[in-house]
Amino acid sequence: MPKVKNQMADTNSNEGISRLDGQLFIGGSFVPGEGLRLPVENPATGTIIGHIAAATQAEVNAAVFAARKAFSAWSRTMPRTRADALHRLGNLIAADALNMAVIMTTEQGKPVNEAKGEILKLAEACHFYAEEATRVFGEIVPNDQPGFQSLVMREPIGVVAAITPWNYPAELVGWKLCASLAAGCTIVIKPAEITPYTALAIAEKCVEAGIPAGVVNILTGKGSLVGQALVEHPQVDKVAFTGSSAVGLHIQQSCPQVKRLSLELGGNCPMIVTASADVAAAVRGATRRSFRNCGQICIAVNRIYVHRSVYNDFVTRLGVAADALSVQNGLENPGADLGPMASAEPLAKTAQHLADALQKGARLVAGGKAPEGQGYANGHFFRPTVVADCTHAMKVMTEETFGPLVGVAPFDDLSEAVALANDTPYGLASYVFARDLVEVQTLSQGLDYGNVAINNVDPGMMNAPYGGRKQSGIGYEHGREGLLEYFNFKHVRLHHGVGA
């Protein structure tokens, strides 16, 4: 029976990818791209699954102009109508979650069950922002003299360029897509070149949902060319980007006009485990957040600081938990804990960070190599890896690895732990396991991060703002704050003379 299911999954993914191969989505229609073809790889097998079209400047212009044309009507569409469209989109995505998940696994690597969970979170984002679309209120601001009334109105910004990464190719498209549409903006999406088909599959659902032509557009190609062309385009009013801090800084510096920016950037997130912590719970949390999606997530736990009194116990248990995780081809084994890494680049960085740590005196506790066997030979696989006795002389503790590698170090007092955790240019998410309320309060106040999770490893939720500090970005996604990123504010001061 499993074999039959796997064959069906392969067939579905092949059909979906074949249908979307070489396509762009512009003005409500799929069109064959005119540019060079770029190969897309299955990271579990190394085989080429299809090719995308590198969008030309003319195609970039066509997509932006389609979005600009559609903006006039979409921005004036009643919020309830926009909400209904997003609800339809969410329902269609949820109904086809398995097929969309198989496409994602084929191009990104995460196991099918995990990919399906991401697709369902995309559907959740559709429904959340559908509801928020009807709750965008203005304000009446008191004046300092009679006879005047001040109205603060919120109006959609315009055309949004969304540039999204490969690690969560559905959710990170969805956050921008759903907020844009709820606000009344139109959007041009440039997905990562190694995971394009998930975004194109979302475009198919937009057509089914009856979203008007030009409201959503998708261009494929390299970020340095197609993404940069969108950043520089004079008819793009806002750029929403998720990716590395280096690229985010480049986008900020290279905009030729003043544009609104939302930049969700790198992490290097710490976890602190205090003497009062539930060590078993901390190990479970560290295992999940360090290795989920092979550590390819901005909020992955990169480094862990453990009080010396529980340090050895924690390290031993974490090593056992890491060794127990299964690493397999996510199409053949939908319930695997980890699949392959998405490409050779993050795999090479993981290996380099591991070698650096070991050369500088770290102790290998678990993993440290690719899994053995013929089935792993051509893919980008690596075992979940734990290194202990780390210092800040090691890259694993000071740079974002973005792979299945975590470093662990001991500490003696809370002030030391806070200083080590904050010793980074990043400030996206941090984690604490502690049962002493003074420790909890001290750490929640002292950690300089946009998100702090206490005794859990899920710092983000759809109805609360999610964003970073320092080099981890500007702006917010999720929650009401995420929607407001897509509005301009207008102050209308009216002299009506009543009471003057």
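Please treat every number below as a calculation from the coordinates, not as lab data. Predicted, not measured: the structure shown is a model, and the values here were computed from it. Using ideal geometry, Cβ is built from the backbone for each residue, glycine included, and neighbour counts are taken over all protein chains shown.
With the highest mean first, a sort of the peptides 106-116, 312-322, 352-362 on other beta-carbon atoms found within 10 angstrom per residue produces 106-116, 312-322, 352-362. With no solvent and one equal point scatterer per Cα, compute the Debye intensity ratio I(q)/I(0) for region 131-224 at 0.11, 0.13, 0.16, 0.18 Å⁻¹ and report its log10, rounded to two decimals. Calculated log10 I(q)/I(0) at the listed q: -0.42, -0.53, -0.69, -0.81.
Once the gyration tensor of the Cα atoms in region 269-461 is diagonalised, the equivalent ellipsoid follows with semi-axes of 27, 17, 15 Å, ordered largest first. The helix-only estimate of mean residue ellipticity at 222 nm for the chain, built from DSSP H runs of length n ≥ 4 each weighted as -39500 (n - 2.57), is -12500 deg cm²/dmol after division by the residue total. Where both bridge residues fall in the chain, DSSP classifies roughly 45% of the beta bridges as antiparallel. The listed peptides 170-180, 121-131, ordered by packing as a protection proxy, come out as 170-180, 121-131 (highest mean of other Cβ atoms within 10 Å first). The Cβ shell under 11 Å around residue 266 holds other residues with a net charge of -2, Lys and Arg each +1, Asp and Glu each -1.
With θ taken as phi - 60° and the Karplus curve 6.51 cos²θ - 1.76 cosθ + 1.60 applied, the whole-hertz 3J(HN,Hα) list for region 449-460 is 9, x, 9, 10, 9, 10, 6, 7, 10, 10, x, x Hz, x standing for glycine and proline. Taken one residue at a time, the phi angles of region 323-329 give Karplus couplings (6.51, -1.76, 1.60, θ = phi - 60°) of 5, 7, 6, 8, 10, 8, 5 Hz. Gly and Pro are set to x.
Nearest 5 percent is fine: what portion of the DSSP beta bridges confined to region 383-500 is antiparallel? Bridges in region 383-500 are about 30 percent antiparallel. Once the C-beta distance of residue 140 and residue 113 is scaled by a Förster radius of 56 Å, the resulting FRET efficiency is 0.65 to the nearest 0.05. Residues whose amide H falls under 5 Å from that of residue 408, counting only those 5 or more places apart or on a different chain, are 304, 387, 388, 389, 390, with hydrogens built in the peptide plane. Distant-in-sequence amide contacts of residue 41, defined by a placed amide H-H separation under 5 Å and a gap of 5 or more residues or a different chain, comprise 49. Compared with the rule-of-thumb size 2.2 N^0.38 Å for a compact globular protein, the chain has a Cα radius of gyration ratio of 1.01. Shape of region 37-158 from the C-alpha gyration tensor: prolate (a/c of 1.5 or more and a/b above b/c, with a ≥ b ≥ c the square roots of its eigenvalues). Put simply, the amide H of residue 366, placed in the peptide plane, has neighbours under 5 Å in 386, leaving out anything fewer than 5 places away on its chain. Bridgeable lysines around residue 369 (alpha carbons under 20 Å apart, same-chain partners fewer than 8 residues away excluded): 110, 349, 360, 395. Working note: Debye formula, equal point scatterers on the alpha-carbon atoms of region 388-500, no solvent; log10 I(q)/I(0) at q = 0.21 Å⁻¹ is -1.29. One chain, two ends: residue 14 and residue 392. Fully extended at 0.36 nm per residue, the span grows by 131.5 nm beyond their Cα-Cα distance. Between the listed residues 343, 376, 312, the Cα displaced farthest toward the positive end of the dipole of region 269-461, a dipole computed from Cβ unit charges relative to the Cα centre, is found at 376.
Other residues whose C-beta falls under 12 angstrom from the C-beta of residue 356 contribute a net charge of +2, scoring Lys and Arg +1 and Asp and Glu -1.
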